[in-house]
Amino acid sequence: MKLRATVRRGARLGVLIGAWPAGIAGGLCLVTALVSLTVGHDATAWALTSAGAFAVLGSMVVGVTVGTATGLALALAPRGLLTRPPLRGLLAALTAGLPVAALWVAALTGDGYTLASYPPSIHFLTWSATLTIALVAAARSGEIAGYGTGH
């Protein structure tokens, strides 16, 4: 039962991780699609609506997957590691941050591009988002593992 509860709390963290970018991307695509409709570009509005839907669904899938993996890692970790907050936070940060970083690198280096092909602003955005995800997972690691307040 503890395994299931820990994984469930990790999945809730994943919803939090996925909801922020999903809301931002979905909102931007929706506003842009509405503007395109008012100007008379129906095809552009449809393309933006479908792109927004894919961005929202993709963000939520990645977020829930990362959160569930973090919960599973914390559920399977030895008790000695879980009782030490710095080690527990490091495990959660690595479990949540490394797959997201790998996903960003894979997305940016597809189609023959290299990381040097992009401006520094893209790198700042992607790495700050990855760091934020890792820090949120580390900060919530006690709650996920059942060592937070109220448990």
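Laboratory data are not the source of any read-out in this text; all were calculated from the coordinates shown. This structure is a prediction, so every number in the text was calculated from the model and none was measured. Every residue, glycine among them, receives a Cβ derived from its backbone with ideal geometry; neighbour counts consider all protein chains shown.
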With an 8 Å Cα cut-off and a minimum separation of 6 or more residues, compute the relative contact order for the chain in percent.
30
Output for segment 1-131 (equivalent-ellipsoid semi-axes, sqrt of 5λ from the C-alpha gyration tensor, Å, descending) is 35, 19, 11
In nm, to one decimal, how far is the modelled label at Ala53 from the one at Ser121, with both set 7 Å along Cα→Cβ?
3.0
